[in-house]
1. Take GLN42 and GLU111, extend 7 Å from each Cα along the Cα→Cβ direction, and tell me the distance between the two endpoints in nm.
2. Roughly what would the spin-label model give for LYS69 and GLU51, points 7 Å off Cα along C-beta, in nm?
3. Within 10 Å of each residue's Cβ, count the other Cβ atoms and sort HIS49, HIS73, HIS64 from fewest upward.
4. Note down the nm distance, to one decimal, between modelled labels 7 Å out along Cα→Cβ at THR35 and at ARG104.
5. Grab every C-alpha pair in region 29-129, bin the distances at 5 angstrom width from 0 up to the longest one, and report whole percents.
6. Enumerate the amide H contacts of GLY71 below 5 Å, restricted to partners 5 or more residues apart or on another chain; note that Pro and chain-start residues carry no placed amide H.
Amino acid sequence: MKMRRAVLVALVVPSCLGLLGAGKQQTDSVPSFKTNVMPILQKYCLPCHSEESFNPSELALDDHARLMKGGEHGPAVVPGKPEESLLVKKVMADPPFGKQMPVRKRRKPEEKPVQLTEDEVQVLREWVKAGAKND
Ligand code: HEC
């Protein structure tokens, strides 16, 4: 048990310091596309929304250019306007159409669907608000 904790600390502490360091180079605490947004997309969205995958609604989220291009319903991001951006609206409850993202098939009825944490939704929202830059 002690060993595992040491390993955890060894992994978590440097990555936190790394994040702090990365944050300092940017203006205040605006999330960066590469450091903060892309990992969320990778974790929750790319299993479906990737050119290599089945790419529902023709929305590929592999990189900034594809995200900005959007899918069937147009651009997934309106820079500066999270309240008009599908990237944000579709990960929240009651999206304007279709399902809340990420869609997940439940294998067992008692399994809860996976959802982004409040913090992760906040990262997307702040990034869009700050202009959705490819940084
Ligand atoms: C299990 C597969 C799956 C995953 C994972 C998934 N999606 Fe989707 N997505 C879909 C399907 C299917 C649709 C079309 C139906 C709908 O809109 O509900 C869709 C539609 C969308 C649309 C609408 C695109 C348009 O123009 O019509 C957006 C935006 C979107 N997804 C964002 C996301 C984001 C952001 C994530 C990750 C947080 C994500 N999706 C994860 C399957 C998935």
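1. With each label point 7 Å from Cα toward Cβ, the separation is 2.3 nm.
2. 0.7
3. The most exposed by this proxy come first: HIS73, HIS64, HIS49.
4. 2.8
5. Calculated P(r), rounded to whole percents: 2, 13, 23, 29, 20, 8, 3, 1.
6. Distant-sequence amide H within range of GLY71: ALA76.
Computed from the coordinates by the stated procedures, all read-outs in this text should not be read as laboratory data. Quick caveat: nothing in here was measured; it's all calculated off a predicted structure. So basically every Cβ, Gly included, is an ideal-geometry build from the backbone, and we count neighbours across all protein chains shown.
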